[in-house]
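Visitor: Submitted below is the structure of interest, expressed as structure tokens.
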Amino acid sequence: MNSDDILVRASGLRKSFGDVHAVNGVDLNIAAGEIYGLVGSDGAGKTTTMRLLVGALLPTNGEASICGYSVKNQVEQARAQIGYLSQRFSLYEDLTVLENIRFFAEMRGLKPDEWHPRSLEILEFVGLAKFQHRRAGQLSGGMKQKLGLASALVTRPRVLLLDEPTTGVDPVTRQDFWQLIIQLVSAKDSGVSVIISTPYMDEAARCHRIGFMQKGEIIVEGTPGQLRNMLNQRILELRGSPLPLLKNISAQNAGVEDVRSFGDRLHLRVKDGQSESVIKELEQTIPAGGGNFLGARPIASTLEDVFIYLSEREHEPA
């Protein structure tokens with residue numbers, strides 16, 4: 001990663017609220033053209049990290065910069081590089097789509113000869129051009145999210161911060177939203193970085209890199225493939241019947257750490273290096289327990305498997 005391409009930097013970023021360390025030593029280096037996903041359970045520190053980067057909160061310790069501008073000492077210059085879509089984007093429901101974008105554009109200092117053509121261009125990009133005169137209060141949830149994205153993009157930001165932007169919208173709208181994000185960073189000479197927090201592992205899989213947050217820290221960082229490899233050869237697919245009995249027998253196996261139902265089969269997470277021994281034991285213990293063993297095999301782990309694994313580690317006793 002070329003240091004000249006790094007648009008977002010954070011070093012030792014911390015934010016405490018009394019005795020609660022919401023963000024506890026976060027380091028980030030995010031390049032132009034990169035989609036970086038922040039994932040973690042509720043309360044892990046994702047939203048607080050976003051607010052620190054946008055300058056809405058002052059850090060207790062540490063530094064952050066956007067496109068070379070210090071968020072602490074050059075906050076206005078840093079914010080001028082940012083488009084921010086919060087979890088609860090505030091629309092003016094009595095204003096039209098175009099009037100909402102105009103408001104945000106003029107708040108950021110754009111003149112009419114700048115914001116009007118840019119707004120029309122952005123509305124076309126997000127698929128709202130034919131709704132520009134509709135009041136925001138009459139939009140569907142998905143359309144409101146697209147309007148939020150359009151408002152964040154109107155000033156041509158180099159860094160886009162999206163805090164769980166698709167929570168509560170339908171799968172089709174989520175797909176449409178992600179296509180817009182991918183088009184944005186893939187456009188020739190766009191030079192845009194995106195940081196997105198999401199509770200959806202299928203969305204995390206679309207990111208170039210992922211940072212898994214836990215108790216205010218990024219405990220694991222890597223590409224989706226690198227994270228999935230954390231559980232390489234440790235996920236087994238078990239087929240048989242009845243599933244409740246198979247689940248109970250599997251959970252009692254000393255080599256099995258976790259058992260989850262997936263449709264008409266079970267997914268087992270086993271201890272490292274014990275896949276073969278677990279399969280051999282289940283071939284015997286399931287029939288002996290009155291169950292029907294149809295087969296078990298190692299399968300590729302998913303990000304959801306990794307998420308569950310890392311989340312369980314959070315609750316392990318020290």
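Visitor: For Ile210, which sequence-distant residues (separation of 5 or more, or a different chain) have an amide H within less than 5 Å of its own amide H, given hydrogens modelled in the peptide plane?
Guide: Sorted by chain and number, the residues that satisfy this are Gly37, Gly222, Thr223.
Visitor: Projecting each Cα onto the charge dipole of segment 233-300 (Lys/Arg +1, Asp/Glu -1 at the beta carbon, about the Cα centre), which of Val278, Ala300, Ile249 comes out farthest on the positive side?
Guide: Highest projection toward the positive end goes to Ala300.
Visitor: So, one more: For segment 3-226, give the magnitude of the charge dipole about the Cα centre (Cβ charges: +1 Lys/Arg, -1 Asp/Glu; no others), in debye to the nearest 20. Write out the running numbers ahead of the final one.
Guide: Details: 24 positive and 25 negative charges, 58 e Å.
Using only the charged Cβ atoms, the result is roughly 280 debye.
Visitor: May I ask you to derive the relative contact order of the chain, considering only C-alpha pairs under 8 Å and at least 6 residues apart, and to give it as an integer percent?
Guide: Numbers: 590 pairs, mean separation 60.4, N = 318.
Computed over the chain, the figure is 19 percent.
Visitor: In the structure displayed, which of Lys215/Lys271; Lys72/Lys146; Lys247/Lys271; Lys15/Lys111 lie more than 27 Å apart, Cα to Cα? Intermediate results must be reported in sequence, preceding the final value.
Guide: Values: Lys215/Lys271 25 Å; Lys72/Lys146 30 Å; Lys247/Lys271 17 Å; Lys15/Lys111 36 Å.
Those over the limit are Lys72/Lys146; Lys15/Lys111.
Visitor: Which value at 222 nm does the chain reach when only helices count, each DSSP H run of 4 or more adding -39,500 (n - 2.57), with the total divided by all residues and rounded to the nearest 500 deg cm²/dmol?
Guide: Details: 11 runs with 113 residues, N = 318.
Helix contribution divided over all residues of the chain: -10500 deg cm²/dmol.
Visitor: Counting other C-beta atoms within 10 Å, and keeping those with at most 10, which DSSP coil GluC sites (Glu not before Pro) do you find in segment 250-318?
Guide: none
Visitor: Could you compute the FRET efficiency for Ala187 and Ser11, with r as their C-beta to C-beta distance and R0 at 35 Å, rounded to 0.05?
Guide: Efficiency at R0 = 35 Å is approximately 0.75.
Visitor: Relative to the present Cα-Cα distance, how much length would full extension add between Leu294 and Asp202 at 0.36 nm per residue of separation?
Guide: Extra length from Leu294 to Asp202 when fully extended: 30.2 nm.
Visitor: For the chain, modelled as a GNM with alpha-carbon contacts under 10 angstrom, which of Met213, Met143, Met230 fluctuates the most?
Guide: Top of the fluctuation ranking is Met230.
Visitor: To the nearest 20 Debye, how big is the dipole of segment 15-142 about its Cα centre, given +1 on the beta carbon of each Lys and Arg and -1 on that of each Asp and Glu?
Guide: Values: 13 positive and 14 negative charges, 34 e Å.
It comes to approximately 160 debye.
Visitor: Select from segment 184-246 those trypsin sites (Lys or Arg not before Pro) which occupy a DSSP coil region and have at most 13 other Cβ atoms within 10 Å, ordered by residue number.
Guide: Numbers: sites: Lys188, Arg206, Arg209, Lys215, Arg228, Arg234, Arg239; in loops: Lys188, Arg206, Lys215, Arg234.
Of the trypsin sites (Lys or Arg not before Pro), the ones in loops of segment 184-246 whose Cβ has at most 13 other Cβ atoms within 10 Å are Lys188.
Visitor: Label-point separation (nm) for Ser140 and Thr167, each offset 7 Å from Cα along Cα-to-Cβ?
Guide: 2.2
Visitor: Can I ask one more? Using θ = phi - 60° and the Karplus curve 6.51 cos²θ - 1.76 cosθ + 1.60, what whole-Hz ³J(HN,Hα) does each residue of segment 5-20 get, with Gly and Pro shown as x?
Guide: Listing the rounded values in order: 8, 6, 9, 10, 10, 9, 9, x, 5, 9, 9, 10, 10, x, 8, 8 Hz.
Since every read-out is calculated from the coordinates, none of them should be taken as a lab result. What you are looking at is a predicted structure, and each value in this text was computed from that prediction instead of being measured. Note: ideal-geometry Cβ built from the backbone for every residue, glycine included; neighbour counts use all protein chains shown.
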